[in-house]
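Note sheet for the following structure.
The values are calculated or read from the model by the stated rules, or taken from the named source; none is laboratory data. If you're wondering where the values come from, they're calculated on a predicted model, not measured in any experiment. Cβ placement follows ideal geometry from the backbone for every residue including glycine, while neighbour counts extend to all protein chains displayed. Surface accessibility is based on the protein's heavy atoms, side chains included, excluding ligands, DNA and RNA. Shrake-Rupley method; radii C 1.70, N 1.55, O 1.52, S 1.80 Å.
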Amino acid sequence: MEKTLSIVKPDGVNKNLIGEVVKRFESAGLKVIAIKMAHLTKKQAEGFYAVHKERPFFGSLTTFMCSGPIVPMTLEGKDAIRKVRDIMGATNPKDAKAGTIRKDFADSIESNIVHGSDGTDTAAFEIGYFFNATEISRR
Ligand code: ADP
Ligand code: MG
């Protein structure tokens with residue numbers, strides 16, 4: 001069993017896609033084991049995306065990520081990290097495969113509806129960024 005972090009980004013919340021995103025993950029057999037709504041400060045968005053701080057889009061990305069509420073969630077399942085990334089589609093919606101969330105709903109490479117961790121180390125950091133032990137289901 002593997003855990004990963006996904007986020008419905010401000011554009012996804014604004015477009016009423018919280019349920020749609022959760023439905024696609026659950027339909028793929030992933031379990032939501034933690035979920036909440038949050039609204040990041042600029043500093044908190046910069047902390048979350050610290051790995052991208054040298055990228056030219058860092059300022060714009062972090063401003064976007066604190067522009068409205070978001071819905072972070074922890075998902076658990078076999079190959080959860082890869083499954084979530086497959087369901088999301090490529091970063092740029094123009095390159096995303098048909099039937100992926102980003103192909104179906106994203107407006108641009110930045111406003112692309114959804115986040116998903118890209119590896120086990122980043123998943124552990126990102127889950128811990130939003131959830132403490134009491135906020136995650138132990139079933
Ligand atoms: P992904 O979210 O697919 O893992 P990255 O980790 O490369 O993509 O980038 C993080 C986020 O930064 C993207 O989801 C997107 O919102 C934004 N982003 C990535 N590349 C660009 C770009 N060239 N211009 C603007 N925003 C970008
Ligand atoms: Mg990434």
**OP:** Give the accessible surface of the chain per residue, rounded to a whole number of Å², with probe radius 1.4 Å and ligands, DNA and RNA excluded.
**Re:** 53 Å²
Original post:
Hey, what does the equivalent ellipsoid look like for region 1-112, semi-axes from the Cα gyration tensor as sqrt of 5 times each eigenvalue, largest first, whole Å?
Top reply: 22, 16, 14
Original post:
When only C-alpha pairs under 8 Å and at least 6 residues apart count, what is the relative contact order of the chain, in percent?
Top reply: 37 percent
Original post:
What would the Debye formula give as log10 I(q)/I(0) at q = 0.23, 0.31, 0.33 Å⁻¹ for the alpha-carbon point model of region 45-95, no solvent?
Top reply: -1.10, -1.07, -1.08
**OP:** Pop out the ³J(HN,Hα) list for region 125-138 in order, Karplus 6.51 cos²θ - 1.76 cosθ + 1.60 with θ = phi - 60°, rounded to Hz; leave Gly and Pro as x.
**Re:** 4, 6, 4, x, 5, 10, 10, 9, 4, 6, 9, 10, 4, 9
Subject >> Cα centroid of region 103-125 to Cα centroid of region 1-32, whole Å >> reply: 10 Å
Subject >> Three semi-axes of the equivalent ellipsoid, region 94-139, Cα gyration tensor, whole Å, largest first >> reply: 28, 12, 10
Subject >> Full-stretch length increase - Thr91, Ser137 - with 0.36 nm per residue and alpha-carbon distance subtracted >> reply: 13.6 nm
**OP:** Using a 1.4 Å probe over the heavy atoms of the protein chains, calculate the carbon and sulfur portion of the accessible area of the chain as a whole percent.
**Re:** 53 percent
Subject >> Heavy-atom accessible area order for Arg24, Arg102, largest first, 1.4 Å probe >> reply: Arg24, Arg102
**OP:** Rank these residues by their accessible area, most exposed first, probe 1.4 Å: Met88, Met1.
**Re:** Met1, Met88
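Given an 8 Å cut-off on Cα distances and at least 6 residues of separation, report the relative contact order of region 77-124 as a percent.
Details: 60 pairs, mean separation 16.7, N = 48.
The value is 35 percent.
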Original post:
Taking only DSSP H segments of four or more residues, each worth -39500 (n - 2.57), what value at 222 nm results for the chain once the sum is divided by all its residues, to the nearest 500 deg cm²/dmol?
Top reply: -10500 deg cm²/dmol
Original post:
Taking the simple approach of a point 7 Å from Cα along Cα-to-Cβ for both Glu26 and Asp118, what is their distance in nm?
Top reply: 3.0 nm
